[in-house]
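Right, one structure below, let's go through it.
Laboratory data are not the source of any read-out in this text; all were calculated from the coordinates shown. What you see is a predicted model; the values in this text were computed from it and never measured. So basically every Cβ, Gly included, is an ideal-geometry build from the backbone, and we count neighbours across all protein chains shown.
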């Protein structure tokens, strides 16, 4: 099986392609790869010549170079697109964090006003108003709780790490072009 991996890696051919190239049946190639049979002399000579040529090739062909360059360019474009997407998500999350922080600050301020209304005699119908303010503030704080805020902050940190990774990959990809 080790031969199969190395021959397949060296040649990059399927069993059918290798057998056709060497002029033998696929079963013969399979048996050779598994170590159960030897190849016919003509096939062995063709394989040896092919392996020798593959090992002598120092530079890749123009076709493989063009394909690799096109892949690098496509990778760069995709990384750029992903980077922009992450930036947009990061901006949206930052906006959500600011919104929650503002609402929480407003609710805590409203709770302070409700506490002042309860203890101050200058305002008529203060208890009903204080209870209404308190109920609204507590309800809003339940919706925009500290866990939701922390979750968004963690998401922002994850997006920042992803953004940094994408920046690094784009630099590496640019260097390979």
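Computed values, structure above
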| item | result |
| --- | --- |
| Neighbour-count order for 61, 173, 30, fewest beta carbons within 10 angstrom listed first | 61, 30, 173 |
| Region 2-56, relative contact order in percent, only Cα pairs under 8 angstrom and at least six apart counted | 32 |
| Taking N as its residue count, the alpha carbon Rg of region 2-56 over 2.2 N^0.38 Å | 1.01 |
| Kirkwood Rh, Cα atoms: Rg over Rh of region 69-120 | 1.55 |
| Cα long-axis angle, helix 2-11 against the chain (0 to 90 degrees, to the nearest 10) | 90 |
| Isotropic mean projected area of the C-alpha convex hull, the chain (nm²) | 18.0 |
| Surface/4 of the Cα convex hull for region 83-177, nm² | 7.1 |
